[in-house]
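S.K.: Next up is a structure, given as structure tokens.
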Amino acid sequence: MLTAVSALSQGLRLVYQKGQRRYVFLPILINLIVYIGLASFTARRFSGWLDHAMASIPTWLDWLDWLLWPLFVLSLLVAIFFTFTLVTHFIAAPFYGFLAARVERTATGVEPLDDRGLGKTALDAVGRELVKLRYILPRVALLFVFSWIPGLNLAAPFLWALFSAWVMAITYLDYPMDNNKVSFKEMRRRLSARWWPSMSYGGLVTLITWIPLANLFLLPGAVAGAVLMWDAHYRDLERLPAR
């Protein structure tokens, strides 16, 4: 059975083959510009954000400064990571949709069910990203608030880690599912039905997103790996009847 690691390694080999590269380098260039802009903004503001967070600690918790400081740092880093991830994926979505379709034809020999034209596919990809944002952002906001509640925030890094893996599973495995006319609701059901492949792949992608700069070149491989995961784990799941 295909594992998350083997899917990603195969995906990395696939996307840099001749014929796939046109869908890879343009989003890398765009995301690099976004990356530099966000990194510069974060470097200027991070110290102020951290000072504000530490000032909000009640005096009766002063003895926990040694523990709360790294937790605040980690929570801020995760929030920044989510911001960067959401922005870059929103920009790259049309390109990654085309890449996923190309990889599916090449690697599996199966034609995606998608019969939309090029322009319609790109427009729908942006719409699908907005659907994802409506799902993700309220949960990010809830976790962010949770991260600032003294005492309870001790569990925040672990919750962020689990949620990050789930979000990355949704983000990447949705590309081949969208190309095969799987609705967002049905996509989430399939991911839940095969929870271990979903969370292990999402967790692995989360780890590579934390590799500065290199992640820009690794993430297209994650798109291709998601296609392989779709074919191995999710394609054969029964589709729920439309309501």
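Here, each number is a calculation from the coordinates, and none is a lab measurement. Source: prediction; values computed, not measured. Don't worry about glycine lacking a Cβ; one is built from the backbone with ideal geometry, like all the others, and counts go over all protein chains shown.
S.K.: For the residue pair A39 and L207, what label-to-label distance in nm results when each label sits 7 Å from Cα along the Cα-to-beta-carbon direction?
M.R.: 2.2 nm
S.K.: Turning to a different aspect of this structure: Explain nothing, just the number: dipole magnitude of region 96-231 about its Cα centre with +1 on each Lys and Arg Cβ and -1 on each Asp and Glu Cβ, in debye rounded to the nearest 20. Working shown, then result.
M.R.: Values: 14 positive and 10 negative charges, 62 e Å.
Charge dipole of region 96-231: 300 debye, to the nearest 20.
S.K.: A further question follows. How far, in nm, would the chain grow between L2 and L142 when pulled straight, counting 0.36 nm per residue and subtracting the alpha carbon separation? Write down the numbers at each step before the final one.
M.R.: Values: separation 140, 0.36 × 140 = 50.40 nm, distance 3.41 nm.
Extra length from L2 to L142 when fully extended: 47.0 nm.
S.K.: What nm value, rounded to one decimal, do you get for the distance between A161 and E111 when each label is placed 7 Å out toward the C-beta?
M.R.: 4.6 nm
S.K.: Based on the Cβ-Cβ distance from S192 to A214, what FRET efficiency comes out when R0 is 30 Å, to the nearest 0.05?
M.R.: Values: r = 31 Å, r/R0 = 1.03.
That gives a FRET efficiency of 0.45.
S.K.: Could I have the simple spin-label model distance between L130 and Y16, label points 7 Å from Cα toward Cβ, reported in nm to one decimal?
M.R.: In this crude spin-label approximation the distance works out to 3.6 nm.
S.K.: Using the count of nearby Cβ atoms within 10 Å as a rough guide to exposure, how do T3, T209 rank from fewest to most? Intermediate values should be presented prior to the final figure.
M.R.: Values: T3 15, T209 20.
Neighbour counts put them in this order, fewest first: T3, T209.
S.K.: FRET efficiency for L237 and L152, Cβ-Cβ distance as r, R0 = 41 Å, nearest 0.05? Intermediate results must be reported in sequence, preceding the final value.
M.R.: Values: r = 36 Å, r/R0 = 0.88.
For R0 = 41 Å, the calculated efficiency reads 0.70.
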